[in-house]
Every structure is written in C-alpha cells, then in structure tokens.
C-alpha cells in the first residue's frame, strides 16, 4: 500500500453494520514475507496451482509448497510501494502496480528474472488498483489526471506505448458537490471474468476527513470492453448495478471474489465477506480486534483460503498476515530446484485452464 493510500484509509472510517466478527478462528502467519524497509506494505496474489506470490516492494517471493510457511525469493529489484498485483488469464503474467509516482511493471512467473528496465509497462499511467479483463486488457481504478474525480480506464498491455482510455467516471461527471472529492478504490473480477466489482467513494475535508458516500456496484466485463472498443464513457448512475446500501461496506473496496461468488471487501475495521446477490454481509474478519486497524485481503481459490492483511498500527508500513488456524503448516523446504518445478506446474495448470475457458483469479 502506498503512503497516500494509508493516509486516506486510516484517516477515514465509516459505520459498518456487520453480521458477525470472525476473530477467534484466525491466527497470524509468522513466516509470511514482510515489506521491504524502503516500501509500505506487500501485495499478494495466488497462482493457479495454489501457491501464493508476494511482492514486498523489492523482492518477489513464491510459496514453496501449497499450505506451507516457507517462501523463497524468485526475483529482486522491483522497487515500489506495492499497490496491487494482478494475474493474467494466462496464469503467469503478473502486472505490478508500483504506487504513487511509480511505474506499472510486468513480471513473468514462467521466466522469473530480476528487474530490468524492460519490465516497465508505463511510467506515465497513474494507478490505484487493477485487474485483467483479458490477456491483453487491464482495467485500472485511478484518479483523473486533473485530480477532479476518479475513473476506470482500460489499458492494452500490448500497445507501445500503452494508453489509458477512460470507460467510466466514479461518481458520474458532475455529481460531486462543492467541497467533495472522489477516492480511488480496489477492484475485483469473478473467476470466469464475466463481472467486475467496483466502488465509488466520496469524501469531504472540511471540517475533517469524512466519507459521505461509499457505494459498491457490479458491471459486466463485456460492457466495459464494448465501451473501450467504441471509445464510449459509461454512466456510473445507470450502467452498473448497485450492491447493498450506500455506506454499508468497508471503504477500500472489493478485492477478490471467492469460488462460491462471495466478495471480499476491506478497509478500516476488517474484511467484509458479502453475498453480491443480496448485498448481505455474511461475515467480517477482524483478527486483531482493532476498530481502527486497516485491512487488505487476498484469496486463494485452490485452497479456498482467505488472508486478512492488517497494517501494523505502530508504523502503518508493516503488514501482518492472518489466516484460519491450521491453514499454514511448517513443511520441508524444497530448495531452488523444487521451487522451479512447482512454478512450472503453476504455469501449466494456468495454461490448461485458459485453454478450457475457465480461470482462477
């Protein structure tokens, strides 16, 4: 998480109605890689074979065995404040969002090389969060270049140079009142890559930082791609479908969609697990029990594992990772050769799933 993101989310909290607090069943994963000393936080992504990939703001680590506590660094030099990692449907191409004033970079798990300038996709496309819609098209949530509002843009990673094309403003153009500002939020796409979940968050600075509107919605991937291809801008008020009530969920936004279709949405106070059809909060994970602790989250569809990732309130730089008790176990280390074999299997599984028309994300 970037310094800017931490300031925004820690400075604001909303009253969230939850159905329960799942604290007792989670425990800290002590061996999980932490942030590089020069970075703020980590980004986590599950690979198609069930291994977790972790970017610490310099090194990229890969879990050595599914469910194991051991991680090995497979590449280094990818400097940044990790904003997000997004996995392509091909199962091995990963987009790294370096945070405020940092580049977008591409990393190939199948060819895990240390950083070189060739890894940079763009130095000029600002970004807060991103997800792959197709192997070539990435949807990014970002502030507009004139800082007036927030927007969704689509970027074709095969273009040279890549260009960010606006497909929606959040909120709709003209809907911000005097003194109101739009904050960027996280994005999530379902495993079949048919539906994107997004959020519009509006805040005021006077007399203090306060969220005044926070609405989650869904929209089809097809509608977003059609808007991109026709150079149209969709209307936030009419194109997507609302989920739940305004202000009902945590403010970071949707981060992942579970195998059974639930949405994970986090922010200050924990991680909501939401039924998108009804808008009901099925559970709230808050392992630290702190009302003001800030959370991100990650999900592994192979093991059906939820990670609740809490910023350490002592420095807001370190991320402490929590999982259900017994989800991680001390297992024999594989060494570099075994890790390389497992990564190859991840890629093979990803390619097989892509070929059959279904993916894990």
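Overview of values
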{"quantity": "Gyration tensor (alpha-carbon) shape descriptor, segment 160-301, a/c threshold 1.5", "calculated": "oblate"}
{"quantity": "Two-decimal Rg/Rh across segment 3-355, once Rg and the Kirkwood Rh are taken from alpha-carbon atoms", "calculated": "0.94"}
{"quantity": "142, 231, 170 arranged by Cβ crowding within 10 Å, fewest neighbours leading", "calculated": "231, 142, 170"}
{"quantity": "Gain on full stretching of the segment that runs from residue 205 to residue 242 - 0.36 nm per residue minus C-alpha separation", "calculated": "10.7 nm"}
{"quantity": "Computed FRET value (nearest 0.05) for residue 180 with residue 278, which takes r as the C-beta separation and R₀ as 25 Å", "calculated": "0.25"}
{"quantity": "Alpha carbon centroid spacing (whole Å) that separates segment 284-321 from segment 154-209", "calculated": "23"}
{"quantity": "13 Å reach of a label modelled at residue 100, 7 Å along Cα-to-Cβ, counting backbone N of segment 181-223", "calculated": "184"}
{"quantity": "Length-normalised contact order of segment 3-355 in % [C-alpha pairs under 8 Å, at least 6 apart]", "calculated": "20"}
{"quantity": "Label point at residue 318 placed 7 Å out along Cα→Cβ; residues across segment 40-73 whose backbone nitrogen lies under 15 Å", "calculated": "40-42"}
{"quantity": "Length released on extending from residue 30 to residue 116, taking residue separation times 0.36 nm less the Cα-Cα span", "calculated": "27.9 nm"}
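No lab work stands behind these numbers, since they all come straight from the coordinates. Worth saying up front: this structure is predicted, and the values here are computed from it rather than measured. As a convention, Cβ positions derive from the backbone with ideal geometry for all residues, glycine included, and neighbour counts pool all protein chains shown.
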